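Read-outs: derived from the displayed coordinates by stated rules, not from any lab. Predicted model only: the values in this text are computed from it and were never measured. Positions of Cβ are generated from backbone atoms using ideal geometry, with glycine treated the same way; all protein chains shown enter the neighbour counts.
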Amino acid sequence: MNFIELVTRLDGRINRAKYWLGSIVTGLIFVAITIPLIFAQGLPEDPEDLKSSLWWLPILQLIFLYPWTAIMVKRLHDRNRPSYFAAFMVVPILISMATNFLGLTGDAEHSGALDWILGVIILGVGIWFFIELGCLRGTIGDNQYGPDPLAAQVTAPSR
């Protein structure tokens, strides 16, 4: 499976190594796009203007949400979990992005209950997904989502 298939297709299975590689490379691409845009635009002198000057950041985050979701779904499949489990992570992130955009949350100096609730949910699900997707081995052998991605890599030693 090449990188384009990894970040665009929602079918199949990937092992932990491909999950980490895909996540890290996608994250580095996001940073490689974001940092130059921030410096090209210039940071405002007044911190109050920072949020309005980065109006394009939620759009970029939405664009990258699909590749991250595709990687998550394939890894969930390897753990024999349904695709909709990805919604446990994606939905709170989307709600957080929407409430930040609407100005209901996202003010670091005046955090409210909604900021904390969303933060705790995202942190809790993030820890669960870190363990589930990043640390635990996938289902051994074929499952309903496809063949074991490690089956081709495991060969018996010849004697």
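Of the chain, which part is the longest with no chymotrypsin sites (Phe, Trp or Tyr not before Pro) in a loop (DSSP not H, G, I, E, B) and with at most 13 other C-beta atoms within 10 angstrom? That gives 57-159 as the longest site-free run.
Taking GluC sites (Glu not before Pro) as exposed when DSSP calls them loop and at most 13 other C-beta atoms lie within 10 angstrom, the chain has its longest site-free stretch at 46-108. Note: relative contact order over the stretch 3-135, using C-alpha pairs below 8 Å and six or more positions apart, is 32 percent. Seen against the Cα atoms of the chain and their longest principal axis, helix 87-101 is set at about 10 degrees. Tally Lys/Arg at +1 and Asp/Glu at -1 over every other residue whose Cβ is under 14 Å from the Cβ of PHE129; what's the total? Net charge in that neighbourhood comes out at +3.
Averaging the Cα positions of each part gives two centres, and for the stretch 63-86 and the stretch 1-27 these lie 9 Å apart. Rounded to the nearest 10 degrees, the inclination of helix 57-78 to the longest alpha-carbon principal axis of the chain is 20 degrees. Computed from the coordinates I sent, Rg/Rh (Cα atoms, Kirkwood Rh) equals one of (1) 0.97; (2) 1.15; (3) 1.06. Tell me the label. Among (1) 0.97; (2) 1.15; (3) 1.06, the one derived from this structure is (3).
FRET efficiency for the ALA151 to ILE35 pair, using the beta carbon distance and R₀ = 30 Å, is estimated at 0.15.
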